Amino acid sequence: MQPVAMNMIANAVKKDRVAHAYLFEGRKGTGKKAAALFFAKMLFCTDLREGFLPCGRCLQCRRIDSGNHPDLLIIEADGASIKTEQIALLREEFAKKAVESDRKMYIIENAEKMTASASNRLLKFLEEPPAKTTAILITENVHQILPTVRSRCQHIPFRSRTKSGLISLLIERGIPEEKAPLFAQLTNDAEEALKLSRDEWFLQGKGIVIKLYEILNSKSLADALLFVEQEWLPHFKEREQMDLGLTLLLYIYRDALFIRLGRTGSLVFPGQLEKWKHYAVRKSEKRLAAEIQEIIEAKKRLQSNANGALLMEWLIRKLREGSVIV
Ligand SMILES: [Zn+2]
């Protein structure tokens, strides 16, 4: 949980000073929706612990967990936008008396997707809120929210996790210690990282990239080119897939440079340290830095529509030039 956000919410509940409207703002994966639902439980739970912690067991808590609490409305974009009719419906619903309790709450996800007229409609609602109503607007792009709407809400910032914080969380959630840094490097979103860790295509691709690095360091140029043709290209077919493959290769070469420099504390592939040490020490720091630049260059060329097969051949030749095979 986000400490700053949770403190603000908990204090409001404890002091019975819950605002009419909140704006939860922060990047993807920072737990805004989970916090909004937790907040809902704080308000609806009939058996709060220490005056603010929901019990998780009462009927109200269970209804929120299962997504069917009659006094909690969640609005999501209908297609690309949140439309006026959705807000109109919300106002209608809120004109009615609460069913299960004496209060109501609504959550608007991706609030920046409200059309201009939906925003204006919501604004009127925010200006004359019904009693005991709490609104939570959730957004990744606070600047796309109408300033007049913004100013009606209490802002609650959600910060991205630090990389080491995310690594610890992933380990807690069952990802092996030596594998967690890679997922934390690829995304800041814990759920996305967990999804990746179970993605067969990704795991196979990772194996191919590691294999390529080892071939580049232990076999001939012809072997490396053949491997690219037979394994790499059939796997990384689309441009975005190829870009991910190159990103992984980039992480490997960066690890190699860190190993060369003796800075092994924050490797992306710590599990390969012993094996890759032998490769890394054969190259100068300057050479490794140049190879990293070549992979970055390849990623750029890929974005400007270079042919994938030709690009890989070019890159392999570049990377192979500096390899000393023993
Ligand atoms: Zn409860």
Any residue at all in region 180-190 that's free of Cβ contacts under 8 Å to residues at least 24 places away in the same chain, acidic (Asp, Glu) and farther than 21 Å from Lys300 by Cα? no
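Among the strands (runs of 3 or more DSSP E) contained in region 79-179, which hold 2 or more residues that are outside the structural domain of Gln272 (by TED's automatic domain parsing) and without any contact (Cβ under 8 Å) to a residue 40 or more places away in the chain? Don't jump to the end; show me each part of the working.
Values: elements: 104-108, 133-139, 154-158.
Counting at least 2 such residues, we get 104-108.
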Step by step: first the residues of region 173-220, then only those that are under 23 Å from Ile295 (Cβ atoms) and hydroxyl-bearing (Ser, Thr, Tyr), then the one that is farthest from the chain's Cα centre (by Cα). Which residue is that? Ser220
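So if I check each of Arg57, Arg62, which one is within 12 Å of the ligand (Cβ to nearest atom), assigned to a loop (DSSP other than H, G, I, E, B) and modelled with pLDDT of 95 or more?
Working: Arg62 fails: assigned to a loop (DSSP other than H, G, I, E, B).
When all the criteria are applied, what remains is Arg57.
Could you check region 2-35 and list, in sequence order, the residues that are over 29 Å from Thr187 (Cβ atoms) and assigned to a loop (DSSP other than H, G, I, E, B)? Working first, answer last.
In the first step, residues of region 2-35 are kept if they are over 29 Å from Thr187 (Cβ atoms); the result is 11-21.
If the condition is that a residue be over 29 Å from Thr187 (Cβ atoms) and assigned to a loop (DSSP other than H, G, I, E, B), then Lys15, Asp16, Arg17, Val18, Ala19, His20 are the ones that fit.
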Of all residues in region 147-192, which are buried (at least 16 other Cβ atoms within 10 Å of the Cβ), in contact with a Leu (Cβ under 6 Å, 6 or more places away or on another chain) and not charged (D, E, K, R)? Val149, Cys153, Ala180, Phe183, Ala184, Ala190
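Against the definition (more than 16 Å from the ligand (Cβ to nearest atom), surrounded by fewer than 16 Cβ atoms within 10 Å (Cβ to Cβ) and modelled with pLDDT of 90 or more), how does Lys32 come out, yes or no?
Values: more than 16 Å from the ligand (Cβ to nearest atom): yes; surrounded by fewer than 16 Cβ atoms within 10 Å (Cβ to Cβ): no; modelled with pLDDT of 90 or more: yes.
Here the answer is no, as Lys32 does not meet what is asked.
Taking into account only those residues within region 87-109 that are of a type in the set (D, E, K, R) and at pLDDT 85 or above, which is nearest to the chain's Cα centre (by Cα)? Full working, then the answer.
Taking region 87-109 first, the residues of a type in the set (D, E, K, R) are 91-93, 96-97, 100, 102-104, 109.
Checking which are at pLDDT 85 or above leaves us with 91-93, 103-104, 109.
Working: Arg91: 32, Glu92: 35, Glu93: 33, Arg103: 33, Lys104: 30, Glu109: 16 Å.
Filtering first and then ranking leaves Glu109.
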Regarding Leu53, is this residue surrounded by 14 or more Cβ atoms within 10 Å (Cβ to Cβ), over 30 Å from Lys113 (Cα atoms) and not small (Gly, Ala, Ser)? yes
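Could we say that Leu225 is touching a helix residue (DSSP H, G or I) at 6+ places or on another chain (Cβ under 9 Å), farther than 23 Å from Ile167 by Cβ and not acidic (Asp, Glu) here? Reasoning before the result, please.
Numbers: touching a helix residue (DSSP H, G or I) at 6+ places or on another chain (Cβ under 9 Å): yes; farther than 23 Å from Ile167 by Cβ: yes; not acidic (Asp, Glu): yes.
For Leu225, the condition - touching a helix residue (DSSP H, G or I) at 6+ places or on another chain (Cβ under 9 Å), farther than 23 Å from Ile167 by Cβ and not acidic (Asp, Glu) - is met.
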Any chance region 220-232 includes a residue that's small (Gly, Ala, Ser) and within 18 Å of Phe202 (Cα to Cα)? no
Could you go through region 237-252 and let me know if any residue there is on the phi < 0 side of the Ramachandran plot and either touching an Asp or Glu at 6+ places or on another chain (Cβ under 8 Å) or not assigned by TED's automatic domain parsing to the domain that holds Leu216 (or both). no
When both residues are 6+ apart or on different chains and their Cβ atoms are under 9 Å apart, which pairs have a first residue that lies in region 37-65 and is under 25 Å from Ala131 (Cβ atoms), and a second that is polar (S, T, N, Q) and more than 10 Å from the ligand (Cβ to nearest atom)? Phe39/Thr134; Ala40/Thr134; Leu43/Ser101; Leu43/Thr134; Phe44/Ser101; Thr46/Ser101; Phe52/Asn11; Gln60/Ser101
Just to verify a result, which residue in region 40-54, among those that are more than 8 Å from the ligand (Cβ to nearest atom) and of a type in the set (A, V, I, L, M, F, W, C), is nearest to the chain's Cα centre (by Cα)? Ala40
Reported set for region 48-84 where residues are within 22 Å of Ala111 (Cβ to Cβ) and aliphatic (A, V, I, L, M) is Ile64, Leu72, Leu73, Ile74, Ile75, Ala77, Ala80, Ile82
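Taking the criterion of being under 30 Å from Ala34 (Cα atoms), at pLDDT 95 or above, surrounded by fewer than 20 Cβ atoms within 10 Å (Cβ to Cβ) and of a type in the set (Phe, Trp, Tyr), would at least one residue in region 210-231 satisfy it?
Initially, region 210-231 is screened for residues under 30 Å from Ala34 (Cα atoms), giving none.
Checking region 210-231: not a single residue is under 30 Å from Ala34 (Cα atoms), at pLDDT 95 or above, surrounded by fewer than 20 Cβ atoms within 10 Å (Cβ to Cβ) and of a type in the set (Phe, Trp, Tyr).
The values are calculated or read from the model by the stated rules, or taken from the named source; none is laboratory data. A quick note: this is a predicted structure, and the numbers were derived from the prediction, not measured. As a convention, Cβ positions derive from the backbone with ideal geometry for all residues, glycine included, and neighbour counts pool all protein chains shown.
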